[in-house]
Amino acid sequence: MSWLNDINWDQMFTAFIETIYMSSVSLFFTIIFGLIIGILLFVTNSQGLIVNKFLNKITDLIVNILRAVPFIILMIILIPFTQALVGSMLGASAALPSLIFAASPFYARLCCIAFMEVDKGTIEASKAMGASNWQIITKVLLPESFPALVSGACVTAISLISYTAMAGAIGSGGLGNLAYQYGFVRRNDAILYTATAIITLIVLGLQWLSDYLAAKIDKR
Amino acid sequence: MIELIDIVKTFNTKKSQIKAVRGVNLSINDGEIFGIIGYSGAGKSTLIRIINQLEKQTSGQVIIDGQDISKLDHKELLKSRQKIGMIFQHFNLLWSRTVAQNIEFPLEIAHVEKNIRQEKVKELIKMVGLEGRENAYPSELSGGQKQRVGIARALANDPKILLCDEATSALDPETTDAILQLLAKINKELNITIVMITHQMEVVQKICNRLAVMDDGKIVEQGLVKDIFASPQNSTTKRFIQTINGTDVEKTRQELKKLYPYGQLVRVSFTNNSDEPIIARAIKKCNLEVSIVNAHINHTSSGPLGVTYLHVSDGDDAQYEIFIKALEEKGAKVEIL
Ligand SMILES: Nc1ncnc2c1ncn2[C@@H]1O[C@H](COP(=O)(O)OP(=O)(O)O)[C@@H](O)[C@H]1O
Ligand SMILES: [Mg+2]
């Protein structure tokens, strides 16, 4: 087990915390923005609650463009924006804007799909009961699509973790950065494989959590 | 009272224009159970959805208790919808909520206080016979139980009107009967006006007072259920009535003609509920040799409808005239086949 001595465990732990920090903070904002954009896409579509062709097309276009741009390029494009917002291009916080920009349209799309799956009949029934659009969104759309929203959030979280590894390549810290800077560039295989294993474990854990939650909350 | 005046609804799709409702005039009285029957695509759902304005009519007026509801602003419309319950073929329950929470839902929408909501839910669960299932999820219920939840939910805000769109079409015959009985009970006890849309004649026969037959966006016949059963005029109506046992006049006629090639066959239908021996007296008056060759009674909610087929082997025109007149005087409908 001599290879274990090649690893600086404090460094590994810091990188782990950075990855968790980047993923969870960006996931938090991604869920908020994704939900808002997803609801906007859903309610303005041609069979939606508040049909608005123009707003729907614009939102749809922005979402598609953001999803088409590769993450690494998005990060570079967002450098001025990040610098203005965070004040630096280095460190975990500097990765947040690009992570959120990349993941929100993705999650918005998943939300929209989840809303489409909600039985049109229940929305119709709610309208017949005199529910306002706001009541339909908060009391029908969100609770009825909740399992899909949760599993969508897990899928997004997993993407975010791989994005953080990429962000690591341009200096934002985290396990990906560690694996690249120390594992690959300095040829430390122990660090490379350990960091990779930890990332893999996080992803597996998330997937397990997702399956567990889905089984627990889905009453269909 | 619900008044539909010259209702027209045209759907503009990319390819074509669909005239779903083409000038419907109807008035539905307070406290009655009004049936609207028609084949699939006749425009029934569109029409009933115009009553609570889930669909806006292209032209015409919907007047409920003197109020033109298409003229209400959005807020007022939402408020008035709380007083119009609706139930559906596929129940449309929220699967993420329990039975009790589903029933509570319209009360939340109406901003009713929590403790009052829970009182009301208890009362409704009892009324529809779902005691003990309060905490079940819809996925754990049978179709009949789901529709009971649908009914309880529709009644939560004490509506004056209950709209039923094919409410029993997804249920088996026994469950259908139980749900119809529940609806009849609700109609009686709460004095709610019920508008029933269906393509099943048995449903109309069992609980409706009046009936409108819809075909291709128009009302082709309307009246008391027993009158329409006794003598349907329109061909669509006739086809519907034939779906009920023993009411296929043409088939019965052919069968009887085979059995009795000579003499006259007469079909007599009664809708009045009297104990008088009408046929016996008419026979006495005319002195004809009459035998009863087929008879049955259909029970409609507006009274029984009796149909008797008579065979007369001999006699002259004057005797027939006396016979028919004697029957008609007592309110029977007579047809010579
Ligand atoms: N939203 C809609 N858009 C286009 N056509 C519709 C729409 N709703 C109903 N229709 C058409 O209107 C006609 C009547 O439909 P509907 O009222 O559902 O009939 P029913 O309930 O009697 O089966 C059908 O031809 C149907 O295809
Ligand atoms: Mg229909």
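Can you tell me which residues in the range B:288-337 are surrounded by 17 or more Cβ atoms within 10 Å (Cβ to Cβ), outside any loop (DSSP other than H, G, I, E, B) and among the hydroxyl-bearing types (Ser, Thr, Tyr)?
Those that are surrounded by 17 or more Cβ atoms within 10 Å (Cβ to Cβ), outside any loop (DSSP other than H, G, I, E, B) and among the hydroxyl-bearing types (Ser, Thr, Tyr): B:Thr300, B:Thr308, B:Tyr309, B:Tyr320.
In this structure, does A:Gly130 turn out to be on the phi > 0 side of the Ramachandran plot, in contact (Cβ under 8 Å) with a residue 40 or more places away in the chain and surrounded by fewer than 22 Cβ atoms within 10 Å (Cβ to Cβ)?
no
What number of residues within the range B:122-157 are more than 10 Å from chain A (Cβ to nearest Cβ), in a loop (DSSP other than H, G, I, E, B) and of a type in the set (S, T, N, Q)?
Count: 2.
Residues that are more than 16 Å from ligand 2 (Cβ to nearest atom), in contact (Cβ under 8 Å) with a residue 40 or more places away in the chain and within 14 Å of chain A (Cβ to nearest Cβ): list the strands (runs of 3 or more DSSP E) wholly contained in the range B:1-119 that include at least 2 such residues.
It comes to B:84-88.
What's the number of the only condition in (1) assigned to a helix (DSSP H, G or I); (2) touching a residue at least 40 places away in the same chain (Cβ under 8 Å); (3) buried (at least 21 other Cβ atoms within 10 Å of the Cβ) that A:Leu213 fails to meet?
(3)
Among the residues of the range B:298-317, are any more than 27 Å from B:Lys206 (Cβ to Cβ), in contact (Cβ under 8 Å) with a residue 12 or more places away in the chain and among the hydroxyl-bearing types (Ser, Thr, Tyr)?
So far as the range B:298-317 goes, yes, one or more of its residues are more than 27 Å from B:Lys206 (Cβ to Cβ), in contact (Cβ under 8 Å) with a residue 12 or more places away in the chain and among the hydroxyl-bearing types (Ser, Thr, Tyr).
Please find, among B:Ile63, B:Ile51, B:Ile69, B:Ile2, the residue that is more than 16 Å from ligand 1 (Cβ to nearest atom), within 17 Å of the chain's Cα centre (by Cα) and either more than 15 Å from B:Val213 (Cα to Cα) or not assigned by TED's automatic domain parsing to the domain that holds B:Val220 (or both).
The conditions single out B:Ile2.
Suppose we keep only residues that are in contact (Cβ under 8 Å) with a residue 12 or more places away in the chain and of a type in the set (S, T, N, Q) within the range A:182-210. Which one would you say is farthest from A:Met22 (Cα to Cα)?
Our first condition is that a residue be in contact (Cβ under 8 Å) with a residue 12 or more places away in the chain; within the range A:182-210, this holds for A:182-183, A:188-192, A:194-196, A:198-199, A:202-203, A:206-207, A:209-210.
So of that shortlist, the ones also of a type in the set (S, T, N, Q) come out as A:188, A:194, A:196, A:207, A:210.
Numbers: A:Asn188: 24, A:Thr194: 19, A:Thr196: 17, A:Gln207: 18, A:Ser210: 19 Å.
The residue in question is A:Asn188.
Please work out if B:Ile179 is in contact with a strand residue (DSSP E or B) (Cβ under 7 Å, 6 or more places away or on another chain) and more than 16 Å from ligand 1 (Cβ to nearest atom).
no
Take the conditions over 22 Å from A:Leu209 (Cα atoms), out of contact with any strand residue (DSSP E or B) (no Cβ under 6 Å at 6 or more places or on another chain) and not polar (S, T, N, Q) and apply them to A:Gly183. Does it pass?
Judged against the criteria, A:Gly183 is a match.
Please work out if A:Phe81 is under 24 Å from A:Gly152 (Cβ atoms), in a helix (DSSP H, G or I) and aromatic (Phe, Trp, Tyr).
No; evaluated as a whole, the condition is false for this residue.
Looking only at the range B:240-262, which residues are surrounded by fewer than 15 Cβ atoms within 10 Å (Cβ to Cβ) and either modelled with pLDDT of 80 or more or not hydroxyl-bearing (Ser, Thr, Tyr) (or both)? Walk me through it before giving the result.
We begin by selecting, within the range B:240-262, every residue surrounded by fewer than 15 Cβ atoms within 10 Å (Cβ to Cβ); these are B:243, B:245-246, B:250-251, B:254-255, B:257-259, B:261-262.
Correct list: B:Asn245, B:Gly246, B:Glu250, B:Lys251, B:Gln254, B:Glu255, B:Lys257, B:Lys258, B:Leu259, B:Pro261, B:Tyr262.
If you go through the range A:143-158, how many residues are at the interface with another protein chain (Cβ under 10 Å from one of its Cβ atoms) and free of Cβ contacts under 8 Å to residues at least 40 places away in the same chain?
Number of matching residues: 3.
For the range A:107-125, check the following and say yes or no: at least one residue is more than 14 Å from every other protein chain (Cβ to nearest Cβ) and without any contact (Cβ under 8 Å) to a residue 40 or more places away in the chain.
Yes, because at least one residue in the range A:107-125 is more than 14 Å from every other protein chain (Cβ to nearest Cβ) and without any contact (Cβ under 8 Å) to a residue 40 or more places away in the chain.
Any residue at all in the range B:88-104 that's of a type in the set (Asp, Glu), surrounded by 15 or more Cβ atoms within 10 Å (Cβ to Cβ) and within 16 Å of ligand 1 (Cβ to nearest atom)?
Checking the range B:88-104: not a single residue is of a type in the set (Asp, Glu), surrounded by 15 or more Cβ atoms within 10 Å (Cβ to Cβ) and within 16 Å of ligand 1 (Cβ to nearest atom).
I'd like the full set of residues that are over 22 Å from B:Lys9 (Cα atoms) and either surrounded by 20 or more Cβ atoms within 10 Å (Cβ to Cβ) or within 9 Å of the chain's Cα centre (by Cα) (or both), limited to the range B:203-226.
B:Val203, B:Val204, B:Gln205, B:Lys206, B:Ile207, B:Cys208, B:Asn209, B:Arg210, B:Val225, B:Lys226
Working carefully through the options B:Ala170, B:Ala154, find the one that is within 16 Å of ligand 2 (Cβ to nearest atom) and touching a residue at least 60 places away in the same chain (Cβ under 8 Å).
None of the others qualify; the one that does is B:Ala170.
Determine whether the range A:195-211 contains at least one residue that is closer than 30 Å to B:Lys83 by Cα and of a type in the set (Asp, Glu).
No: zero hits.
The values are calculated or read from the model by the stated rules, or taken from the named source; none is laboratory data. In this text the structure is predicted, and so the values were computed from the model without any measurement. Cβ coordinates were reconstructed from backbone atoms using ideal geometry, including for glycine residues, and neighbour counts include every protein chain displayed.
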